[in-house]
Structures are given as C-alpha cells and as structure tokens.
1. What percentage of all Cα-Cα pairs in segment 2-98 are separated by more than 16 Å?
2. How big is Rg to Rh over the chain, alpha-carbon atoms, Rh as the Kirkwood inverse-mean-distance radius?
3. How are the alpha carbon pair distances in segment 80-148 distributed across 10 Å bins from zero to the largest one, expressed in percent?
4. With the cut-off at 20 Å, tell me which of the pairs 25/45; 4/206; 49/166; 166/206 have Cα atoms farther apart than that.
5. In square nanometres, what is the average projected area of the Cα convex hull of segment 37-92?
6. Aspartates and glutamates within cross-link reach of residue 224: Cα-Cα under 19 Å, excluding same-chain residues under 8 positions apart?
7. Please give the Cα centre distance for segment 18-82 versus segment 162-240, rounded to the nearest Å.
8. Please compute the alpha carbon radius of gyration of segment 126-240, then divide it by the globular-protein estimate 2.2 N^0.38 Å. Two decimals is fine.
Amino acid sequence: MQIKKFDSVEALTEAVAKTIINAVKKKPDLVLGLSTGSSPIGVYKAMVKDHIENGTSYKQVTTFNLDEYVGLAPMDSNSYRHFMNEHLFDHIDILKSQTHVPLGIGNLEENCQKYEEKINSAGGIQLQLLGIGTNGHIAFNEPGASFDALTHIENLTEDTIFSNRKFFENEEQVPRQAITMGIKSILNCEKILLVAYGANKAKVVKGMVEGPVTTSLPASILQKHGNTSLFLDQESASML
Ligand code: GLP
C-alpha cells in the first residue's frame, strides 16, 4: 500500500481528483469505479470544476459504482444513483448510458449477476475510488464478508446504519440491506485510490494498514492488492 498524507482535506481531495483527471486524459475511454458517502464529495467537486474550467471530457468514460441501497429506486433522493447524478454525472459530459450503479429493486439475484457481467464486458475496472467505513467496510462489505464474494446482497450492521443516518431524515429510514460489489470484484480492479479523512477513521486506518488481514476488518485485504494508494489527512493517519 502506498500512503500519501496531506495537511488539509482540500489538498487531499484535489490530489485524488488530479489522479483521476490525469488517468482520463491519458486514457479517454477509461473504465472508472466510483464510490459514495461523504469522502468522495470534494473529489467530485474538483472534477466538475476542472471539467468546466479545463474541458476534461468524460464522453468515452464508462463508470461503475460500488453499491446501492436495497429498496430504493434510482429516482429516490436517497439512492446512490441520485447521489452520483447530483454530485457528478449531471455536471460533466459523461453519457448517462455509460454510467452504472447497481439496481437495488426488482430481481436482486439477477441484478447482482448482470452487474458482474457488465463489468466483465467493459473489460474490468481500471481505476477504483474507495472510501472506508468506521467499522472497516469497503463498498458495503461488512465485517465477516467473504473475500471471495462478487456482487451480492449484504445486511448492513448497526454501526453502518448509524453512520449513514446523516444522509436520511432519521435512522429508521436507512435501508437495512445493500447490493454491493464484493471484495473479489474490488480486488480485480487494476488500481485503487482509497480516501479516508478525519479522526473517526484513525483507528480503522491503523487496522487496515498494520493489522492482520482479516474478514473482521474487510479493508485489511487491500494489503494484498498490488496497486492501492491511500490518501489520508493528518487525523486519519494519526495512529500510524
Ligand atoms: C458507505 C459506502 C462506502 C463508503 C462509506 C464511508 O457506507 N457504502 O462506500 O466508503 O460509507 O462513508 P463516509 O465517506 O461518509 O465516511
């Protein structure tokens, strides 16, 4: 794992955005993996700013998001599809038909299978943006999730439901399940950029980097991925 530390969250998000923008410039038909949560919001803001000011084009880019809540239709204002449109897709020149977010309604088993097929037929994900949950989850792979899983349905832990309530009116509204790319799907990505900032991520960052590789802390498996960069601020890196 390559560790990059920054003095401010702004510098960190700028650096992540720059890495993505440079990858798109180098390979205009990049297959890009994207994430949700609060961590990537600044990255998306910087990408939109760059698109407006410098004209970086996403017309040939294909994207795959990590996950979606079960039971929320794409047009639901709390869905991750809605989040992506609002924070990124509506503000750049990407073709919506080339953006993919797992579907959390309908035949879920079929949705999981089809999502993996789509990733495969795009040739795999070349660059994947990741965050980390305070319990060590990546995408929605909660502690205990198999390292061998592809896209599947996951029951969310109390910890995740509590953390993600900030996006809902109250905790009761947070869905209890999600459709998520599995750990194996994530390990198949060529290059991974993981963003973690704030003191509440310090303990889990230490576990991810220095602890044993264990399903109890799903992100620890990234120690075995050959091309992962961690973008940390002073606070999230404080226990390293
Ligand atoms: C959610 C997402 C993850 C994300 C995590 C961290 O549960 N499924 O992909 O990494 O939250 O969220 P935040 O960035 O808000 O701390």
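No value in this document is a laboratory result; all are computed from the given coordinates. All values reported here derive from a predicted model rather than from experimental measurement. We place every Cβ from the backbone using ideal geometry, glycine too, and count neighbours over all the protein chains shown.
1. Value for segment 2-98: 57 percent of Cα pairs lie more than 16 Å apart.
2. 0.93
3. The percentages, shortest bin first, are 15, 41, 39, 5.
4. Beyond 20 Å: 49/166; 166/206.
5. 4.1
6. Once the sequence-local aspartates and glutamates are set aside, what remains near residue 224 is 142, 148, 190, 210.
7. 18
8. Rg over 2.2 N^0.38 Å, computed on Cα atoms: 1.02.
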